[in-house]
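Written below as structure tokens is the structure these notes are about.
The values are calculated or read from the model by the stated rules, or taken from the named source; none is laboratory data. Computed from a prediction, not measured in an experiment: that's the story for all the values here. Glycine also receives a Cβ, built like all others from the backbone with ideal geometry; neighbour counts cover every protein chain displayed. Just the protein is used for accessible areas: all its heavy atoms, side chains included, with ligands, DNA and RNA removed. Shrake-Rupley method; radii C 1.70, N 1.55, O 1.52, S 1.80 Å.
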Amino acid sequence: MNAVKKVLIVGGGIGGLCAAIALRRQDIEVDLVELKTQWTVYGVGIIQQSNVVREMAKLGVLDGYLDAAYAFEDVTINTTAGEQLARIPGQRLAGPEYPANVGISRLALHQVLSETVAALGVSVRLGLSFESLEQVGEGVDVLFTDASRGRYDLVVGADGLYSHLRGLLFGEQYLPRFTGQSVWRYNFPRAAGIDHLATFQGPAGNAGLVPLGRDQMYLFVTSHEPANPRMEAATLATQMRQRLSGFTGLIGELREQITDSDQVVYKPLEVVFVSEPWYRGRVVLIGDAVHATTPHLGQGAGMAIEDAVVLGEELIAGGSVEQQLQRFMARRYERCKFISDSSVLAGDKEMAHDSSFDRIGLVRRMLDVTAAPI
Ligand SMILES: Cc1cc2nc3c(=O)[nH]c(=O)nc-3n(C[C@H](O)[C@H](O)[C@H](O)COP(=O)(O)OP(=O)(O)OC[C@H]3O[C@@H](n4cnc5c(N)ncnc54)[C@H](O)[C@@H]3O)c2cc1C
């Protein structure tokens, strides 16, 4: 008999939603609480690589997910002017009939995942969090912020970079750190040649074009912002154009079309990594709560999704909860640490203008690591 029959998930982002799906697929009862009252996500896209496509198949959502996404195969790395330096072929890890990679709008991804969660009978409560947790005997007693109570075999914290649960488990030991860089993003109609992920090495940061649908793509660029200044909302378009000033070719052409500050999505990059087991007793943390990294390798959400799938597998594989969580850690720690450290390293090298850094080699290594079975 399974040691875990009823689980509370705190946080309804990508990691929490995928955990809810993975656990329901194993017949585990799931309650999910999400702090936001309006369960929406901000409207830019996300890159999901071959390992994510494979995990989406395991979660049983692949067809709906692909319908909502733009499928592509290769990744190119280009100069500032758009000359190709490398073309890295995609790996079809979900099977030969499925694409290697996808670009998808965050809203579309949220819709696919939240509709699946609802269809699988997860109890979702919005505008709610936990007030306190008490591990008593073989369970966790939870007091919610609306004064209701519940008892669970396991609590999964998927509450993101500023995780309240991480503070509860580890105190102030692990706090988000600003890396010195920010990312700027802007949606465009998809350009004809952007049928794959195209990245461009700039003089001060890297830019990229990600197809999201037949008619849509987004442009991103990283920038060095050592003082982490507060950006005036009305100046965002001008500032994003400045950050793209060294680019020519397609990126240079698109730069001149960045005119609406309301459409610029600006994000300072913050990271955290918990370097000890991500659980205490019957509370386990997944996703950005324990390994938020920078987007340089496009794998942050990928690692949260893999966490969810592996947790679902281990919770029905026998043994005590302690043994299950130990096995979960054994399968997750090194992989997530590699992604976290390598992503931060890529940003550090950009900030140091280190032209000897082998970014193409790092991307190839990341693809090898993430293609390996978990
Ligand atoms: C600029 C940028 C670009 C990125 N691009 C990519 C990419 O291309 N590909 C990729 O794979 N990854 C990318 N990432 C990383 C990815 O966005 C994150 O790794 C992923 O969203 C983490 O998911 P999560 O569910 O762990 O956390 P989150 O998405 O942060 O979700 C946490 C959820 O918990 C809720 N919550 C918080 N506190 C509580 C509480 N106390 N009680 C209840 N609910 C709570 C929040 O409201 C939120 O809904 C990018 C990140 C950034 C910053």
### Summary
In the stretch 1-27, anything under 15 Å from Arg282 (Cα atoms) and either of a type in the set (Gly, Ala, Ser) or within 16 Å of the ligand (Cβ to nearest atom) (or both) is listed as Ala3, Val7, Leu8, Ile9, Val10
### Query
What strands (runs of 3 or more DSSP E) lie completely within the stretch 149-214 and have 3 or more residues being within 25 Å of Tyr42 (Cα to Cα) and open to solvent by 20 Å² or more (accessible area, probe 1.4 Å)?
177-189
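Going by what's in this entry, would Leu66 be described as hydrophobic (A, V, I, L, M, F, W, C) and either out of contact with any Pro (no Cβ under 8 Å at 6 or more places or on another chain) or under 30 Å from Phe247 (Cβ atoms) (or both)?
no
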### Residues of the stretch 110-138 that turn out to be among the polar types (S, T, N, Q), within 29 Å of Glu322 (Cβ to Cβ) and open to solvent by less than 40 Å² (accessible area, probe 1.4 Å), as a count
1
### Message
Would you confirm whether or not the stretch 219-228 contains a residue that is over 25 Å from Val112 (Cβ atoms), free of Cβ contacts under 8 Å to residues at least 24 places away in the same chain and more than 16 Å from the ligand (Cβ to nearest atom)?
### Response
yes
### Task
Output the number of residues of the stretch 139-148 satisfying the condition of being surrounded by fewer than 16 Cβ atoms within 10 Å (Cβ to Cβ), within 14 Å of the ligand (Cβ to nearest atom) and assigned to a strand (DSSP E or B).
1
### Message
Being β-branched (Val, Ile, Thr), open to solvent by 10 Å² or more (accessible area, probe 1.4 Å), closer than 23 Å to Pro211 by Cβ and within 22 Å of the chain's Cα centre (by Cα) narrows it down to one residue among Ile77, Ile47; which is it?
### Response
Ile47
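Taking the condition at pLDDT 95 or above and open to solvent by less than 40 Å² (accessible area, probe 1.4 Å), does Glu55 pass?
Numbers: at pLDDT 95 or above: yes; open to solvent by less than 40 Å² (accessible area, probe 1.4 Å): yes.
Against the criterion (at pLDDT 95 or above and open to solvent by less than 40 Å² (accessible area, probe 1.4 Å)), Glu55 qualifies.
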#### Entry: In the stretch 42-73, the residues that are away from the ligand (no atom under 14 Å from the Cβ) and touching a Leu at 6+ places or on another chain (Cβ under 8 Å)
Val61, Ala68
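Has the stretch 245-260 got at least one residue that is in contact with a helix residue (DSSP H, G or I) (Cβ under 7 Å, 6 or more places away or on another chain), open to solvent by less than 30 Å² (accessible area, probe 1.4 Å), within 16 Å of the ligand (Cβ to nearest atom) and outside any helix (DSSP H, G or I)?
Keep residues of the stretch 245-260 that are in contact with a helix residue (DSSP H, G or I) (Cβ under 7 Å, 6 or more places away or on another chain), which gives 247, 255, 258-260.
When the remaining residues are screened for being open to solvent by less than 30 Å² (accessible area, probe 1.4 Å), the result is 247, 258.
Checking which are within 16 Å of the ligand (Cβ to nearest atom) leaves us with none.
No.
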#### Entry: Residue that is farthest from Leu297 (Cα to Cα), among those in the stretch 174-199 that are within 16 Å of the ligand (Cβ to nearest atom) and among the hydrophobic types (A, V, I, L, M, F, W, C)
Leu175
